[in-house]
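Visitor: Got a structure here, written out as C-alpha cells. Questions coming.
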Amino acid sequence: MDWNNVDLKSDYERNQDILDGYSFETLLLEISCNLREINKDTVRKQFETELQNRIRTAKEIFEANLNNIIKDAKEYRNMK
C-alpha cells in the first residue's frame, strides 16, 4: 500500500488505521529486546519513545494524504 497516496475510494485503504495499535504484547517484546535494565524509568522511556514514533508516522501519513482527505470530505458532503 502506498501510504503517500492512500486511495480513499478503496474500502480496504479507507479502513486502514492512521495510527497503529500498540498492545501490551508489543511493549513487552520491545522491553525484552531493547532494554538492558528494566525499571520504571527505562520502561516509561521505551513506551514514550515508541508512542512518539507512532504519532510522528501518523502525522506524516496524514500530511501526505491531506489533499486526498479534503477532496473526499468535500465529495462526501456534496452527496448528502
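Please treat every number below as a calculation from the coordinates, not as lab data. Predicted model only: the values in this text are computed from it and were never measured.
Visitor: Using only the Cα atoms, what convex hull volume per residue in Å³ does the chain have?
Guide: Value for the chain: 118 Å³ per residue.
Visitor: Right, something else. Would you mind calculating the gained length between residue 15 and residue 28 on full extension (0.36 nm times residue separation, minus the Cα-Cα distance), in nm to one decimal?
Guide: 1.9 nm
Visitor: So, one more: So what's the angle, to the nearest 10 degrees on a 0 to 90 scale, between helix 40-64 and the longest Cα principal axis of the chain?
Guide: Helix 40-64 sits at roughly 20 degrees to that axis.
Visitor: Here's a follow-up. Angle, helix 66-79 long axis vs. longest principal axis of the chain, Cα atoms, 0 to 90°, nearest 10?
Guide: Approximately 50 degrees, to the nearest 10.
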